[in-house]
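The values are calculated or read from the model by the stated rules, or taken from the named source; none is laboratory data. Keep in mind the model is a prediction, meaning the values are calculated, not measured. Note that each Cβ is placed from the backbone with ideal geometry, even for glycine, and that neighbours are counted across all protein chains shown.
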Amino acid sequence: MSSVAEASGRLPRGGGIELAWSRTPGCGPTVVFLPGFASDMTGAKATALAAACAADGTAMLRFDYSGHGASGGQFTDGGIGQWRADALAAIDQLTQGPLLLVGSSMGGWIALLAALARPSRVAGLVGVAAAPDFTERLMWQAMAPAERDALRRDGYIDIPSAYGAPTRITHALVAEGRRHLLLDARIALACPVRLLHGQRDPDVPWEMSLRLAERLESDDVQLTLIKDGDHRLSRPQDLDLLCRTVRLLGGEHRA
């Protein structure tokens, strides 16, 4: 099947902020890619999935949260609630019919929140090194007392990143994230869920995907561990696994 062209645009989000998006027409369920923290829709997973969907004739939407990538707004003004609202705005205004949500790292958390908000539309969910509750479990709980004091006092701290310049973490991000925590209770989703996680992930422990699988109410949950996989899971074999997983899950719904 020949590939179809991807269209791009900007979605008014309010407050003078526009969200950048790219969309491929095709059959459903529509694949919606949700990027990670400080990442965007031009990453290897998003573009590989876009190419696969275009080749298969599957509808796909990818976009940047506010303060990310080509979208408007400031990164440090955002938070989990804002980025959840961005995802819902993109879903509601740019897609129709059933959805297959694919979330990378923080995008896994956003995908879960979006699915809980639109359960009747979600045919399935794929998490790639999904990181629900990361602001609490992987940031706040991992901070030394001096870092917590600086965060409270100054409103932010800059933490080193293996992927580029230091990342600024605000106290508002951590505090607001507490309104959206999921892993301490049952997660009322009944859709099929597929979780992919590298066991050499230095950023999000693979055990987090185990806990997520336990908390989901759905019985149709499968976790694939990649023994030599890192956090990004962007090697050719990792991208092939992601595309196969999405194809299979989408095919189950169409069947």
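Within the stretch 184-204, which residues are closer than 17 Å to Glu136 by Cβ and under 16 Å from the mean Cα position of the chain (by Cα)? Write out each step before concluding.
First, the residues of the stretch 184-204 that are closer than 17 Å to Glu136 by Cβ: 184-185, 187, 203-204.
Scanning the stretch 184-204 gives Asp203, Val204.
Among the residues that make up the stretch 148-169, is at least one of them among the polar types (S, T, N, Q) and either modelled with pLDDT of 95 or more or assigned to a helix (DSSP H, G or I) (or both)? Even if it seems obvious, please write down each step before you answer.
Taking the stretch 148-169 as the starting set, the residues that turn out to be among the polar types (S, T, N, Q) are 161, 167.
Then keep just the ones that are either modelled with pLDDT of 95 or more or assigned to a helix (DSSP H, G or I) (or both); that gives none.
The answer is no; no qualifying residue exists.
Residues in the stretch 120-128: is at least one of a type in the set (Ser, Thr, Tyr), surrounded by 18 or more Cβ atoms within 10 Å (Cβ to Cβ) and either out of contact with any Gly (no Cβ under 9 Å at 6 or more places or on another chain) or free of Cβ contacts under 8 Å to residues at least 60 places away in the same chain (or both)? Please lay out each step first, then the result.
Step one: list which residues in the stretch 120-128 are of a type in the set (Ser, Thr, Tyr), which gives 120.
In the following step, the residues that additionally are surrounded by 18 or more Cβ atoms within 10 Å (Cβ to Cβ) were identified as none.
Taking every residue of the stretch 120-128 in turn, none turns out to be of a type in the set (Ser, Thr, Tyr), surrounded by 18 or more Cβ atoms within 10 Å (Cβ to Cβ) and either out of contact with any Gly (no Cβ under 9 Å at 6 or more places or on another chain) or free of Cβ contacts under 8 Å to residues at least 60 places away in the same chain (or both).
Could you identify the single residue in Leu239, Leu248, Leu183, Leu173 that is part of a helix (DSSP H, G or I), of a type outside the set (Lys, Arg) and closer than 22 Å to Gly81 by Cβ?
Numbers: Leu239 fails: closer than 22 Å to Gly81 by Cβ; Leu248 fails: closer than 22 Å to Gly81 by Cβ; Leu183 fails: part of a helix (DSSP H, G or I).
Criteria check complete, one pass: Leu173.
Does any residue of the stretch 204-219 turn out to be exposed (fewer than 13 other Cβ atoms within 10 Å of the Cβ), touching a residue at least 12 places away in the same chain (Cβ under 8 Å) and farther than 16 Å from Gly124 by Cα?
The answer is no, given that none of the residues of the stretch 204-219 is exposed (fewer than 13 other Cβ atoms within 10 Å of the Cβ), touching a residue at least 12 places away in the same chain (Cβ under 8 Å) and farther than 16 Å from Gly124 by Cα.
Which pairs do you get when a residue that is over 30 Å from Ile157 (Cβ atoms), found in the stretch 174-198, comes within reach of a residue that is part of a helix (DSSP H, G or I) and modelled with pLDDT under 95, reach meaning Cβ atoms under 8 angstrom, with the pair 6+ apart or on two chains?
Pairs found: Pro192/Glu252.
Look at the stretch 86-116 and say how many of its residues are assigned to a loop (DSSP other than H, G, I, E, B) and either of a type in the set (D, E, K, R) or surrounded by fewer than 22 Cβ atoms within 10 Å (Cβ to Cβ) (or both). Spell out the reasoning first.
Going through the stretch 86-116, the residues assigned to a loop (DSSP other than H, G, I, E, B) turn out to be 95-98, 105.
From what's left, either of a type in the set (D, E, K, R) or surrounded by fewer than 22 Cβ atoms within 10 Å (Cβ to Cβ) (or both): 95-98.
The qualifying residues number 4.
Being under 14 Å from Cys191 (Cβ atoms) and aliphatic (A, V, I, L, M) is the filter; apply it to the stretch 85-112 and report the residue that is farthest from the chain's Cα centre (by Cα).
This residue is Leu99.
Of Arg194, Arg186, Arg179, Arg200, which residue is surrounded by fewer than 20 Cβ atoms within 10 Å (Cβ to Cβ) and either at pLDDT below 95 or closer than 25 Å to Arg244 by Cα (or both)?
Numbers: Arg194 fails: surrounded by fewer than 20 Cβ atoms within 10 Å (Cβ to Cβ); Arg186 fails: either at pLDDT below 95 or closer than 25 Å to Arg244 by Cα (or both); Arg179 fails: either at pLDDT below 95 or closer than 25 Å to Arg244 by Cα (or both).
Sole residue among the options that is surrounded by fewer than 20 Cβ atoms within 10 Å (Cβ to Cβ) and either at pLDDT below 95 or closer than 25 Å to Arg244 by Cα (or both): Arg200.
In the stretch 8-32, how many are part of a strand (DSSP E or B), of a type outside the set (Val, Ile, Thr) and either touching an Asp or Glu at 6+ places or on another chain (Cβ under 7 Å) or within 15 Å of Gln93 (Cα to Cα) (or both)?
Residues in the stretch 8-32 being part of a strand (DSSP E or B), of a type outside the set (Val, Ile, Thr) and either touching an Asp or Glu at 6+ places or on another chain (Cβ under 7 Å) or within 15 Å of Gln93 (Cα to Cα) (or both): 13 in total.
Among the residues of the stretch 117-127, is any of a type outside the set (Lys, Arg) and assigned to a helix (DSSP H, G or I)?
Restricting attention to the stretch 117-127, the residues satisfying the condition of being of a type outside the set (Lys, Arg) are 117, 119-120, 122-127.
Filter once more, so that each one left must be assigned to a helix (DSSP H, G or I): 117.
Yes, that holds for at least one residue.
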